[in-house]
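The next block holds one structure in the form of structure tokens; read it before the comments.
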Amino acid sequence: MTRKTVRIAMNGVTGRMGHRQHLVRSILALREQGGLELADGTRLWPEPVLVGRREPALRELAGRYGLERWSTDLDAVLADPATDIYFDAQVTSAREEALRKAVAAGKHVYAEKPSATSFEAALGLARLARDAGVKHGVVQDKLFLPGLRKLSRLIDSGFFGQILSVRGEFGYWVFEGDWQEAQRPSWNYRTADGGGIVVDMFPHWEYVLHELFGRVRSVQALAVTHIPQRWDERGKPYDATADDAAYGIFELDGGAVAQINSSWTVRVHRDELVEFQVDGTHGSAVAGLRTCRLQHRSGTPKPVWNPDLPVTHSFRDQWQEVPDNEEFDNGFKTQWELFLRHVYEDGPYRWDLLAGARGVQLAELGLRSSAEGRRVDVPEIAL
């Protein structure tokens, strides 16, 4: 068996997502299983190089996980010919410049979303990577959630008949930071730093809708800042200038309509932090992070509106659980494996920087729709 070391510069792993999902549950998990075996028997061995601005945090992370390489000098890491792949999980405002440097250095690039702070910049990155001939990808992790994979299975089987509508609910209460510490960083609530729930979540909704139901043809959105003041990591108050909730309607190819509420100012009264209900002529389903329940038309009850009598049955009990039927690995790790196969054995990978640009485009048009109070068409884009 041949072992090939793959050196991956990982920028932004001191943050929550970069640390937990990408470093620990993806790259280090791949190392724990002995690497990634390719079709020809070669075993890829990922060797992370931790990159960031805070030297003490990098040193502590490297020591905790027994890693030898870390640096605060991104230029030096990219100049090293031993570096194969650049991964970016920084704050959005710093991502474009770093990705451009990595592409210019001839590195394959993989990045969290959104890929840039503007659609023009995101599309420019996709064209830059294409012209440089490097492999490129954007994280689109929701597609690999067990609940959505079960939902995809139902769609592929024709279970729904004609899909009529999609209803999504996402969110939870993010503490303001005064009497309880906030569970999201303060930059998320400052527009100047790339914050806002539209910028954060509409790129997710774009690829979920695009992949499962059809391209988004138009968007009508209302973005709101419900809580105008929050407290930062030092306990100091600051003005929240970015939207913390967004209410969107998306018209899809094929005629289906999606309605998705996104909020960091909502208390959870649902089974999971995100749920999608899909209604079709032949059946309906509700998918969350891990579970998916269905109701076929042959088993659909006939509700009758009668406010004078109490309901004597549970509507939830009338739905059937979709079985796992397979073992679901961590979605971030699964996508890392696909990207590595794309780079080293030319495996298929359609979630590239152009797909990332579509997400930024939808966020930008969603904010325009909210500002102008109207529905906005979403034009198709191409390199």
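No value in this document is a laboratory result; all are computed from the given coordinates. Quick caveat, the model's predicted, so the values are computed rather than measured. For neighbour counting, all protein chains shown are included, and Cβ atoms are generated from backbone atoms with ideal geometry for every residue, glycine included.
Among beta bridges from DSSP that stay inside the chain, the antiparallel ones total about 60%. Rounded to the nearest 20 debye, the dipole magnitude of segment 246-383 is 500 debye, with +1 charges on Lys and Arg beta carbons, -1 on Asp and Glu beta carbons, and the Cα centre as origin. The alpha carbons of the chain occupy a box of 73, 54, 40 Å along the principal axes, longest dimension given first.
If the limit is 32 Å between Cα atoms, which of LYS4/LYS142; LYS135/LYS236; LYS113/LYS302; LYS236/LYS333 go over it? Walk me through the numbers on the way to the answer.
On the way: LYS4/LYS142 30 Å; LYS135/LYS236 43 Å; LYS113/LYS302 43 Å; LYS236/LYS333 37 Å.
Exceeds cut-off: LYS135/LYS236; LYS113/LYS302; LYS236/LYS333.
Counting every other Cβ atom within 10 Å of each residue's Cβ, SER186, SER369, SER298 order from fewest to most as SER298, SER186, SER369.
Can you tell me the orientation of helix 353-372 relative to the chain, as the angle in degrees between its alpha-carbon axis and the longest Cα principal axis, to the nearest 10? Rounded to the nearest ten degrees, it is 50.
In this structure, the amide hydrogen of SER165, modeled 1.01 Å from its nitrogen in the peptide plane, lies closer than 5 angstrom to those of VAL257, ASP279, counting only residues at least 5 positions away or on a different chain. Pairs of Cα atoms nearer than 8 Å and 6+ residues apart set the relative contact order; for the chain it is 20 percent.
Going by the alpha-carbon gyration tensor, a ≥ b ≥ c the square roots of its eigenvalues, is segment 261-315 rounded (a/c under 1.5) or, if a/c is not under 1.5, prolate (a/b greater than b/c) versus oblate?
Details: a/c = 2.39, a/b = 1.30, b/c = 1.83.
Because a/c hits 1.5 or more and a/b fails to exceed b/c, segment 261-315 counts as oblate.
Between the helical axis of 197-212 and the longest alpha-carbon principal axis of the chain there is an angle of about 80 degrees.
Give me the one-decimal Kirkwood hydrodynamic radius in Å for segment 168-242, with the sum taken over alpha-carbon pairs.
Details: mean 1/r = 0.0721 Å⁻¹.
For segment 168-242, the Kirkwood estimate is 13.9 Å.
Expressed as a whole percent, how much of the Cα-Cα distance distribution for segment 224-311 exceeds 19 Å?
On the way: 2465 of 3828 pairs.
Across segment 224-311, Cα pairs with separations above 19 Å total 64 percent.
Inter-part distance, segment 329-372 to segment 126-165, computed on C-alpha centroids, equals 8 Å. Enter the angle in degrees (range 0 to 90, nearest 10) between the Cα long axis of helix 331-345 and the first principal axis of the Cα atoms of the chain, meaning the one along which they spread out most. Tilt relative to the chain: about 50 degrees. Note on segment 208-255: Kirkwood radius taken over Cα pairs, Stokes-Einstein applied at 20 °C and 1.002 mPa s, translational D equal to 162 µm² s⁻¹.
When each of LEU67, LEU123 is scored by the number of other beta-carbon atoms lying within 10 Å, the sequence from fewest to most is LEU67, LEU123.
What FRET efficiency, computed as 1/(1 + (r/R0)^6) with R0 = 56 Å and r the Cβ-Cβ distance, is obtained for ASP73 and VAL311, rounded to the nearest 0.05?
That pair, ASP73 with VAL311, gives E of 0.30.
In deg cm²/dmol and to the nearest 500, what is the mean residue ellipticity at 222 nm of the chain if only DSSP H runs of at least 4 residues count, each as -39500 (n - 2.57), divided by the residue total?
The helix contribution divided over the chain gives -9000 deg cm²/dmol.
I'd like the distance between the alpha-carbon centres of segment 56-105 and segment 215-230, rounded to an integer number of Å. So the separation of the two Cα centres works out to 33 Å. Think of each Lys and Arg Cβ as +1 and each Asp and Glu Cβ as -1; about the Cα centre, that makes the dipole of the chain roughly 200 debye. Highest mobility in the GNM of the chain, judged by mean-square fluctuation with C-alpha springs under 10 Å and restricted to ALA126, ALA363, ALA57, is found for ALA57. When you filter the trypsin sites (Lys or Arg not before Pro) in segment 258-331 for DSSP loop state and at most 10 other Cβ atoms inside 10 Å of their Cβ, you are left with ARG267. Residues whose amide H lies under 5 Å from that of ARG215, counting only those 5 or more places away or on a different chain, are ASP253; hydrogens are built 1.01 Å from N in the peptide plane.
Once you have a ≥ b ≥ c as the square roots of the Cα gyration tensor eigenvalues for segment 94-222, tell me rounded if a/c is under 1.5, and otherwise prolate or oblate according to whether a/b is larger than b/c. Please list the in-between numbers first.
Numbers: a/c = 2.02, a/b = 1.12, b/c = 1.80.
It comes out oblate by the Cα gyration axes.
Per-residue packing, averaged as other Cβ atoms within 10 Å, sorts the ranges 109-115, 91-97, 165-171 into the order 109-115, 165-171, 91-97, beginning with the highest. In the chain, taking the dipole from charged Cβ atoms about the Cα centre, the farthest positive-side position among ALA39, VAL274, GLY288 is held by ALA39.
Of the peptides 194-203, 16-25, 371-380, 150-159, the order by per-residue mean of other Cβ atoms within 10 Å, starting with the highest, comes out as 194-203, 16-25, 150-159, 371-380.
Decide, for segment 20-160, between rounded, prolate and oblate: order the square roots of the alpha carbon gyration tensor eigenvalues as a ≥ b ≥ c, take rounded if a/c falls under 1.5, and otherwise choose prolate if a/b is larger than b/c, else oblate.
Values: a/c = 1.67, a/b = 1.23, b/c = 1.35.
Oblate, since a/c reaches 1.5 and b/c is not below a/b.
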